[in-house]
Amino acid sequence: MKNLLLLFVLFLYAQVTAKTTNESKVKFHPIQHATLVIEYENTFIFVDPAGDLKKLKEYPSPDLILITHTHGDHLNPEIIGQIKNNSTIILGNKAAIDQLSYGIFLMNGEKKTVNSIMVEAVPMYNISEGRILHHTKGVGNGYIVTLGDEKIYISGDTEDTKEIRALKNIDHAFLCMNLPFTMTPEQAASAVLDFKPKKVYPYHYSQADSFSDIKKFKRLVTESSSTDVILLDWYPDKEMK
């Protein structure tokens, strides 16, 4: 009887331990459109800090800033100047770093380790006729950020390129979807079905006076895969139609 009780206790402990182990240590704070704060233990990473300075200042100064490219909804030098401190490290594509005149640039495919955080620059570009001039190949960067044992993919402005479809072992994926600058919800869903992230977060989905159909995106993904689609509030001041 004692042995059975001991086995039962060990079983319960294993279940609790497994649940705790599987819980993500990474927190995501949507700021606005393409601007994101990633929190990991005591580390804060700001992605494309170009929107809502007041909300950005609710968080500690960033340890790391990632910039995907120079468009105004992704790069705002004035905001960066107000949120960084002397120890903030800034990584970006070459054009963004040239515009700032400080920071470290990464070319597509390059990797950089910053305070035990691995950052890999992934190509971001348009492939459809009529959209190619918005983002040309080799200029901007998406990023894969590794925090502990979790991998986060941040798309920047891109379409469903072969590089996205070839991604492996992504825990969290942030995918843009708005026209004419990036891709449709259908394109984004198709890419997700190929690279199979554990969780995907639609972002950068405002277009003109409307929004991309992220509910359709969620339906397309969940009907055909086990990927969780997480809908965060990127536009608190705008009503979804």
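The values are calculated or read from the model by the stated rules, or taken from the named source; none is laboratory data. Please read these numbers as outputs of a predicted model, since none were measured by experiment. Heads up, the Cβs are rebuilt from the backbone with ideal geometry, glycines too, and the neighbour counts pull from every protein chain shown.
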Margin query: Step by step: first the residues of the stretch 107-127, then only those that are under 16 Å from residue 46 (Cβ atoms) and crowded, with 18+ Cβ neighbours inside 10 Å, then the one that is farthest from the chain's Cα centre (by Cα). Which residue is that?
Written below: 117
Next item on the list: Could you tell me which residue of the stretch 32-46 is farthest from residue 65 (Cα to Cα), considering only residues that are touching a residue at least 60 places away in the same chain (Cβ under 8 Å) and in a strand (DSSP E or B)?
Entry: 32
Checklist line | Filtered residues of the stretch 183-217 (kept if among the small types (Gly, Ala, Ser), surrounded by 15 or more Cβ atoms within 10 Å (Cβ to Cβ) and without any contact (Cβ under 8 Å) to a residue 40 or more places away in the chain) | finding: 188, 189, 190, 191, 212
Note to self: Which residue is nearest to the chain's Cα centre (by Cα), if the candidates are limited to the stretch 135-154 and must be buried (at least 16 other Cβ atoms within 10 Å of the Cβ) and free of Cβ contacts under 8 Å to residues at least 60 places away in the same chain?
What the structure shows: 153
Check: In the stretch 185-211, what residues are modelled with pLDDT of 95 or more and of a type in the set (Ser, Thr, Tyr)?
Finding: 190, 201, 203, 205
Check: Restricting the search to the stretch 75-94, which residues are in a loop (DSSP other than H, G, I, E, B) and either in contact with a helix residue (DSSP H, G or I) (Cβ under 8 Å, 6 or more places away or on another chain) or at pLDDT below 95 (or both)?
Finding: 75
Notebook entry, point to check: Right, residue 232: of a type outside the set (Asp, Glu), out of contact with any helix residue (DSSP H, G or I) (no Cβ under 6 Å at 6 or more places or on another chain), touching a residue at least 60 places away in the same chain (Cβ under 8 Å) and in a loop (DSSP other than H, G, I, E, B) or not?
Noted result: yes
Item checked: Residues being modelled with pLDDT under 95, within 30 Å of residue 177 (Cα to Cα) and surrounded by 10 or more Cβ atoms within 10 Å (Cβ to Cβ) - total across the stretch 10-31 -> 2
Checklist line | Residue pairs meeting the criteria (Cβ under 7 Å; at least 6 apart or on separate chains; first free of Cβ contacts under 8 Å to residues at least 24 places away in the same chain, in the stretch 79-99; second surrounded by fewer than 18 Cβ atoms within 10 Å (Cβ to Cβ) and small (Gly, Ala, Ser)) | finding: 84/61
Margin query: I need the full set of residues from the stretch 20-31 which are of a type in the set (Ser, Thr, Tyr), part of a helix (DSSP H, G or I) and under 16 Å from residue 147 (Cα atoms), in order please.
Written below: 21
Check: Has the stretch 66-78 got any residue that is surrounded by fewer than 16 Cβ atoms within 10 Å (Cβ to Cβ) and over 27 Å from residue 182 (Cβ atoms)?
Finding: no
Next item on the list: Residues being assigned to a loop (DSSP other than H, G, I, E, B) and out of contact with any strand residue (DSSP E or B) (no Cβ under 6 Å at 6 or more places or on another chain): count how many of those fall in the stretch 51-64.
Entry: 3
